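Only the coordinates and a few stated rules stand behind these numbers; no lab work does. Just so you know, these numbers come straight off a predicted model, no measurement behind them. Cβ coordinates were reconstructed from backbone atoms using ideal geometry, including for glycine residues, and neighbour counts include every protein chain displayed.
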Amino acid sequence: MTKLRDLHKQFMKNAAYRKEYDALEGEFSLMAEVAKARTRAGLSQAQLAKRMKTTQSTIARLESGRGRPSTRTLDRFAKATGHRLKISFEPVKGESATARPSSPRKRGPGATRRRAS
């Protein structure tokens, strides 16, 4: 019988598969951190659910990555496990750090809009 780990290793040789897998890195990372935080707190899913005033199945979904939790949910999770929520932005590999940021156009009295031709 072929193991999932072996299939994954084989599939990672495919550029399209690797690109899609890498695109999910953030979600995989979040799921792992959520599970680690609960384990560090020494809580079962049921105990954590009780602290968060939710259900055990909600905690299971959060840890499995089925759905995208809101920052409010993540903050409640952090407090219930004795952690502090910290969100950061990291540069994407291969992206230019000197890309010109877009700036919002100022609109004020007398400003005119461009018309599409």
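For the reader, a short list of remarks on this structure follows.
- For the stretch 4-80, the residue among Ala46, Leu30, Ser70 whose Cα projects farthest onto the positive side of the dipole built from Cβ charges is Ala46.
- Evaluating kT/(6 pi eta Rh) at 20 °C and 1.002 mPa s, with the Kirkwood radius of the stretch 4-80 over Cα pairs in the Stokes-Einstein relation, gives 155 µm² s⁻¹.
- Taking GluC sites (Glu not before Pro) across the stretch 13-104, the ones in a DSSP loop with at most 16 further Cβ atoms lying within 10 angstrom of their Cβ are Glu95.
- Placing unit charges on the Cβ atoms only, positive for Lys and Arg and negative for Asp and Glu, gives the stretch 4-80 a dipole magnitude near 340 debye about its Cα centre.
- Three-way shape label, the stretch 1-48, alpha-carbon gyration tensor, a/c 1.5: oblate
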